[in-house]
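Chemist: Quick one: this structure, given as structure tokens, is what I'll be asking you about.
The values are calculated or read from the model by the stated rules, or taken from the named source; none is laboratory data. Just so you know, these numbers come straight off a predicted model, no measurement behind them. FYI the Cβ positions are ideal-geometry reconstructions off the backbone, even for glycines, and counts take in every protein chain you see.
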Amino acid sequence: MNIIVKIQQDLKDEVTKLNDLIISCLKSDEELIETVGKYLLEAGGKRIRPLLTIITAKMFDYKGDNHIKLASAVEFIHTATLLHDDVVDDSTLRRFKPTANVIWGSKTSILVGDFLFSQSFKLMVASGSIKAMNVLAKASAIISEGEVVQLVKLNERRIITIEEYQQIVKSKTAELFGASCEVGAIIAEQVDHISKDMRDFGKLLGTIFQVVDDLLDYLGNDKQVGKNIGDDFLEGKVTLPLIFLYNKLEQDKQLWLENIIKCDKRTNDEFIKVRDLMIEHEIHNETVSYLSNNEANKLLNKIPVQNSYKDYLFSIIRFILDRSY
């Protein structure tokens, strides 16, 4: 049993409330919205982001149900961005199932994503916390901006720098992880510097999550990952493992890789060659070394509480670092 499943079982009451609220918010006079929404819900996923909101609130001894509303808002924001991402990236598989855009088309995916965003804002308002609403609204804007930045970099068809990659990850992934933790602290009425520490912790956690995700897209097992391995490369999306590889290659190989990224399309044979080069140049080890310098544990240790919920957060760090899916 992995730690996420164990946490979900330990927090069964909260997870049940979360799922019930999500289902109730998917109800609509338009049957297609419910159909697509339930398809996404049944596809599962780790639900790490809403769990972070719930765990953080409980860690600070929050009593009430508004953390469930905020956790649901977080999950709706995340799912909406996935729907939009899959359209932009022409993705065909997620969580071992065909993506919504494959089944219902891109227009439906975009519009249902918009519906989910609207539901997230209704939930923010229902939580009664203006501060939490501001945090999640800002996060939504930053995520959207990050998507545009990534698209611009993609259209430039070049090997981006590590700094450019970090900025994209900070916007696209780390921001929502940070907001997930921050609103949990806010609803538990923690002082500003504690909420900020939780936000910074979440951002570090999100960065780790994305870097591991990008590594798995090259060196993972598609039977475990649940989506098509190599999608980033085939789309021409430059991520950290490819940047690490590029920096290790001789000049002629660098030029070869640059030309591949410049092309309109890349082939599976080229992906296999790049993957083999990553294995040869030990890119997995370099990425693990890069991640080992993160300060997520250090930040979490600063939080002046000690209970089982804090232990859950330490366990989630280890899970994300070690995950194979």
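Chemist: In segment 166-180, how many are buried (at least 21 other Cβ atoms within 10 Å of the Cβ) and under 15 Å from residue 294 (Cβ atoms)?
Modeler: The number of residues fulfilling the criteria is 5.
Chemist: Filter segment 288-309 down to the residues that are under 21 Å from residue 166 (Cα atoms) and in a helix (DSSP H, G or I) and list them by number.
Modeler: 288, 289, 290, 291, 292, 296, 297, 298, 299
Chemist: Let me ask something else about it. Considering only residues that are over 17 Å from residue 78 (Cα atoms) and touching a residue at least 24 places away in the same chain (Cβ under 8 Å), look in segment 11-28 and name the one that is surrounded by the most Cβ atoms within 10 Å (Cβ to Cβ).
Modeler: So the residue we want is 14.
Chemist: So which pairs qualify, if the first residue must be in segment 239-265 and within 9 Å of residue 159 (Cβ to Cβ), the second must be loosely packed, with under 14 Cβ neighbours inside 10 Å, the Cβ gap must be under 6 Å, and the two must be at least 6 apart or on different chains?
Modeler: 243/162
Chemist: Inspect segment 87-106 for any residue being aromatic (Phe, Trp, Tyr), in contact (Cβ under 8 Å) with a residue 24 or more places away in the chain and buried (at least 24 other Cβ atoms within 10 Å of the Cβ) and give the result as yes or no.
Modeler: no
Chemist: Name the one entry in 318, 266, 323 that is among the basic types (Lys, Arg) and crowded, with 18+ Cβ neighbours inside 10 Å.
Modeler: 323
Chemist: Please specify each residue of segment 36-50 satisfying the condition of being touching a residue at least 60 places away in the same chain (Cβ under 8 Å) and either farther than 18 Å from residue 70 by Cα or not basic (Lys, Arg) (or both).
Modeler: 36, 37, 39, 40, 48, 50
Chemist: May I ask you to list the residues in segment 31-63 that are out of contact with any helix residue (DSSP H, G or I) (no Cβ under 7 Å at 6 or more places or on another chain) and more than 20 Å from residue 82 (Cβ to Cβ)?
Modeler: Residues satisfying the conditions are 31, 61, 63.
Chemist: Which pairs turn up if I take residues in segment 140-152 that are over 19 Å from residue 70 (Cα atoms) and look for partners that are in a helix (DSSP H, G or I) and among the charged types (D, E, K, R) with beta carbon separation below 9 Å, at least 6 apart in sequence or on another chain?
Modeler: Final answer for the pair search is 146/170; 146/172; 146/175; 147/85; 147/172; 149/164; 149/172; 150/172.
Chemist: I need every pair where a residue in segment 189-200 that is surrounded by 20 or more Cβ atoms within 10 Å (Cβ to Cβ) and outside any loop (DSSP other than H, G, I, E, B) has its Cβ under 6 Å from the Cβ of a residue that is at pLDDT 95 or above and among the β-branched types (Val, Ile, Thr), sequence separation at least 6 or different chains.
Modeler: From segment 189-200, the pairs are 195/186; 198/56.
Chemist: Can you work out which of the residues in segment 271-287 that are part of a helix (DSSP H, G or I) and without any contact (Cβ under 8 Å) to a residue 24 or more places away in the chain is farthest from residue 312 (Cα to Cα)? Walk me through how you get there before you give the answer.
Modeler: Start the filter on segment 271-287 by keeping residues that are part of a helix (DSSP H, G or I), which leaves 271-280, 283-287.
Subset that is without any contact (Cβ under 8 Å) to a residue 24 or more places away in the chain: 272-273, 276, 280, 285.
On the way: 272: 38, 273: 40, 276: 36, 280: 36, 285: 26 Å.
The selected residue is 273.
Chemist: Do we find a residue being β-branched (Val, Ile, Thr), free of Cβ contacts under 8 Å to residues at least 12 places away in the same chain and exposed (fewer than 15 other Cβ atoms within 10 Å of the Cβ) anywhere in segment 124-134?
Modeler: yes
Yes or no, residue by residue, for (1) at pLDDT below 90; (2) under 17 Å from the mean Cα position of the chain (by Cα); (3) within 20 Å of residue 237 (Cβ to Cβ):
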{"position": "98", "(1), (2), (3)": "yes, no, no"}
{"position": "103", "(1), (2), (3)": "no, no, no"}
{"position": "108", "(1), (2), (3)": "no, no, no"}
{"position": "115", "(1), (2), (3)": "no, no, no"}
{"position": "118", "(1), (2), (3)": "no, no, no"}
{"position": "134", "(1), (2), (3)": "no, no, no"}
{"position": "150", "(1), (2), (3)": "no, yes, yes"}
{"position": "156", "(1), (2), (3)": "no, no, yes"}
